[in-house]
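Have a look at the structure below, then the notes.
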Amino acid sequence: MANTVLVVDDEAVIRARLKGYFEKEGYRVLEAEDGEQMWHQFSSQHIDLVMLDINLPGVDGLSLARDLRSRSDVGIILVTGRDEAIDKIIGLEMGADDYVTKPFELRELLVRVKNLLWRMSLVKKAQQEVITQLERNDDLIEFEGYCLALNNRKLTHGDEVIKLTKAEFELLTAFALHPQQVLSRERLMQQTSHRDQDVNDRTIDVIIRRLRNKLAAELFVTVHGEGYLFAARVED
């Protein structure tokens, strides 16, 4: 089944250009000229990825990207005439996955679309693997005096409740389900729900450093050149 792309741009010429090109590449393409039309399409159609212009009449593209991300995991590529680094940073902070500036090469945009959809498929596959593993396990995972409740994302150590961010919980769950195994950074990246290109080796290192500060640091062993190993003894 072809992926569905929604082009949101107030310039009809640009919408027609993108629609014609991506349909030739095998995609199903929908159009919207502003936020109102975008939400109408979004509520009535299955959409895999949105190409979203920043400079829209009414509600701007950055605000729409933020609202989209709060409601959905749809892929978001911002398309704009702005070429300042701060605009890219703000766009990514609002929840966009990628950012291209006008004028752009259609082939480059196609590569970005393919790469984003590929990364999204990896995340979905990894999340499905976790769901399958969770169905085979109890809701509680116990290790070294810690208790990780998978159903409510709660970690306790005795009477102490240890607060975890979403990314910390996702990585700790991946480790707890694969104890005594070396997990590469790439595999760990696939376990997170963040998809943007700024999620990299350094991001994983930062999350693990935070986990070391919240749990016993020796539980997370660095295997140089390969990744990380969870050294805890997990109880069945």
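The values are calculated or read from the model by the stated rules, or taken from the named source; none is laboratory data. Values in this document were obtained by computation on a predicted structure and should not be read as measured data. Cβ coordinates were reconstructed from backbone atoms using ideal geometry, including for glycine residues, and neighbour counts include every protein chain displayed. Side chains included, ligands, DNA and RNA excluded: accessible areas come from the protein's heavy atoms. Shrake-Rupley method; radii C 1.70, N 1.55, O 1.52, S 1.80 Å.
Report yes if residue 91 is crowded, with 18+ Cβ neighbours inside 10 Å, in contact with a Ser or Thr (Cβ under 9 Å, 6 or more places away or on another chain) and within 14 Å of residue 9 (Cα to Cα), otherwise no. When the stated conditions are applied, residue 91 does not pass them. Exactly one residue among 135, 129, 160 is farther than 30 Å from residue 50 by Cβ and either modelled with pLDDT of 85 or more or surrounded by 14 or more Cβ atoms within 10 Å (Cβ to Cβ) (or both), and that residue is 160. Residues satisfying the criterion are absent from the range 26-35 (criterion: modelled with pLDDT of 90 or more, assigned to a helix (DSSP H, G or I), of a type in the set (Asp, Glu) and surrounded by 13 or more Cβ atoms within 10 Å (Cβ to Cβ)). Looking across the range 217-236 at every residue that is free of Cβ contacts under 8 Å to residues at least 24 places away in the same chain and either among the charged types (D, E, K, R) or part of a helix (DSSP H, G or I) (or both), the one that is most open to solvent (accessible area, probe 1.4 Å) is identified as 236. In the range 68-79, is there at least one residue being open to solvent by 20 Å² or more (accessible area, probe 1.4 Å), assigned to a strand (DSSP E or B) and either touching a helix residue (DSSP H, G or I) at 6+ places or on another chain (Cβ under 9 Å) or at pLDDT 90 or above (or both)? The answer is no, given that none of the residues of the range 68-79 is open to solvent by 20 Å² or more (accessible area, probe 1.4 Å), assigned to a strand (DSSP E or B) and either touching a helix residue (DSSP H, G or I) at 6+ places or on another chain (Cβ under 9 Å) or at pLDDT 90 or above (or both). Filtering the range 164-190 to residues that are exposed (fewer than 15 other Cβ atoms within 10 Å of the Cβ), touching a residue at least 40 places away in the same chain (Cβ under 8 Å) and within 15 Å of residue 214 (Cα to Cα) leaves only 165.
Kindly indicate whether any position in the range 41-63 is surrounded by 14 or more Cβ atoms within 10 Å (Cβ to Cβ) and out of contact with any helix residue (DSSP H, G or I) (no Cβ under 9 Å at 6 or more places or on another chain). Yes - at least one qualifying residue is present in the range 41-63.
Among the candidates 5, 111, the residue that is open to solvent by less than 50 Å² (accessible area, probe 1.4 Å) and not aromatic (Phe, Trp, Tyr) is uniquely 5.
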